[in-house]
Amino acid sequence: MLIIEPQAPARASASADAPPVDHFIDGAFVGSAKRFDKHSPVDGRLIARVAEASREQVDAAVRAARAALHGPWGGLSVAQRVELLYAVADGINRRFDDFLAAEVADTGKPASLARHVDIPRGAANFKVFADVVKNVPTEFFEMATPDGAGALNYALRRPVGVIGVVCPWNLPLLLMTWKVGPALACGNTVVVKPSEETPQTAALLGEVMNSAGVPRGVYNVVHGFGPGSAGEFLTTHPGVNAITFTGETRTGAAIMKAAADGARPVSLEMGGKNAAVVFADCDFDAAVEGTLRSCFANCGQVCLGTERVYVQRPLFDRFVQALKRGAEAMRLGRPQDPATGMGPLISHEHRDKVLSYYRKAVELGATVVTGGGVPDMPPELAAGSWVQPTLWTGLGDDSPIAREEIFGPCALVMPFDTEEEVLRRVNDNDYGLATAIWTADLKRAHHVAGAIEVGIAWVNSWFLRDLRTPFGGAKQSGIGREGGVHSLEFYTELKNVCIKL
Ligand code: NAD
Ligand code: 6OD
């Protein structure tokens, strides 16, 4: 199988005409002397000149966030905070098309996907966590004492302080608000560092915060990169009380080291190498449709996505052929085209990484069932970072293709015989984020879901999310859980008050 080498991207050179994307600090937009280019993943066009925060600007954002804790924000009742967060959600919905356009421009993902997933969830994250904070009680214990009078214990939740929020590029608004929603609902203030690849929706949210009446300094955004830039400046800043992060495992480890100074808590949502397990008794069509989605949605750039597919042997050949047909039916194209099923990867840099695995699979002797290279796109899209949806067979669990996160539209499909065998093989991996189990046998479903070492197990579905449930990864996929009351554990200090009667 020939892997088509990508052309060097023909990109527009930096132009002062490209619109600026600025930081949002203390309720106002501010630029920087230093800016970097943001190119469209669809066609390589220069779409924005993004301000890169200096250490002083990150410091200003953290100071603004600290001051806001002691300003009007800190004096709000829970009911008032909840009302403001509802106004933020309504503000996102009112400017739905602006958010959609910004997200699609930054990521290149199909507008149909962003319209149904990214933007509505961006708004929902504010309402759901406002409701959690409003409705979830704390503890109360009545206690006996030797003098017979007794004592009462009750718990109070208080904000942690300034939260540093470091975000990835794959679901930018959704994953940022998934953390900012509960952080603000609990009364904290935030400094957000969006991915350098996707700066726009975080900035736009600043406008919504102002229109909703959120006091200045509560929500701040600083743009830039990781090491030696805004990410490092934020996570090493002593004024940040806790850090919540989504991204690669090795970045999470670097952030954990930075957080050790000052013994600051971290919540880390990191990489995965998720397995789908397809038993011979499954609903075949549902399993094929669900597995195609879990492998290829968002061009394979979903942390919960499947990159290992274990299929029970009697079904194996038929299942591989059905996946192949589905992959080959996938339409790659402009995000706005309703027929588009898959967009490009986020960048040429990320495509280089994904293609290096495409090459490695072939070198290791994989059978390329479909894909394996760069698709032939029309000339106006040729400078985008497109790759073919790809399926392999013929490699085992020990190959890097089965062990390392690729984060592209690709999966290795492998046969298995017994439940015990597949459990052992699925669990023999450093990651433990998510799994999808396809079976009609309820007893087996419960057993396998209980035994796979992951934070999230789906049975006969994938990415079906109730935001009240615990979300996070086992092993190297994460530390901590967010979602519902679990977010309260991270975003509040729980204080016990003991009253001697
Ligand atoms: P990344 O780790 O490269 O970057 C994430 C963020 O961290 C970016 O904002 C980046 O600028 C910043 N950063 C990088 N180095 C830093 C440093 N040393 N200090 C401080 N900040 C730093 O991840 P990515 O490429 O943006 O996202 C893809 C990865 O995210 C994949 O591994 C994917 O599995 C993972 N992910 C996990 C989840 C989850 O919920 N577990 C969700 C989405 C994505
Ligand atoms: O749905 C969510 O809350 C969530 N955190 C999804 C993560 C997807 C990863 O790419």
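Read-outs throughout are calculated quantities, based only on the coordinates presented, and are distinct from any laboratory measurement. Since the structure is predicted, the reported quantities are computational estimates derived from the model, not experimental observations. Reconstructed Cβ throughout: ideal geometry from the backbone, glycine too, with neighbour counts over all protein chains shown.
Per-residue Karplus couplings for region 150-165, computed as 6.51 cos²θ - 1.76 cosθ + 1.60 with θ equal to phi - 60°, are listed in order as x, 8, 10, 10, 9, 9, 10, 9, 10, x, 7, x, 8, 9, x, 10 Hz, Gly and Pro entered as x. Rg/Rh, computed from the Cα trace of region 59-102 with Rh as the Kirkwood radius, has the value 1.14.
Structure shown: which of LYS34/LYS193; LYS127/LYS179; LYS179/LYS273 lie over 19 Å apart, alpha-carbon to alpha-carbon? Cα-Cα > 19 Å for LYS179/LYS273; rest within.
The largest-to-smallest principal axis extents of the Cα set in the chain are 75, 66, 40 Å. Dividing the helix sum by the residues of the chain, where each DSSP H run of 4 or more adds -39500 (n - 2.57), gives a mean residue ellipticity at 222 nm of -11000 deg cm²/dmol.
Neighbours of PHE140 by Cβ distance under 15 Å: Lys/Arg scored +1, Asp/Glu scored -1, total 0.
Of the residues HIS486, PRO110, ALA212, the one whose Cα sits farthest toward the positive end of the charge dipole of the chain, with +1 on the Cβ of Lys and Arg and -1 on the Cβ of Asp and Glu, is ALA212. Between region 24-74 and region 269-311, the C-alpha centres lie 36 angstrom from each other. Applied to region 455-461, the Karplus parametrisation 6.51 cos²θ - 1.76 cosθ + 1.60 on θ = phi - 60° returns per-residue 3J(HN,Hα) values of x, 9, 10, 9, 10, 6, 6 Hz, with x for Gly and Pro. Against the chain, whose longest principal axis comes from its Cα atoms, helix 316-329 is set at around 80 degrees. For region 263-361, applying the loop criterion from DSSP together with a ceiling of 15 other beta carbons within 10 Å to the trypsin sites (Lys or Arg not before Pro) yields ARG331.
Kirkwood radius for region 274-466, taken over all pairs of different Cα atoms as the inverse mean of 1/r, rounds to 16.8 Å. Helix 78-94 and the long axis of the chain differ in direction by around 40°, with both axes built from C-alpha atoms.
Mean separation of Cα pairs under 8 Å and 6 or more residues apart, divided by the residue count, gives region 274-466 a relative contact order of 29 percent.
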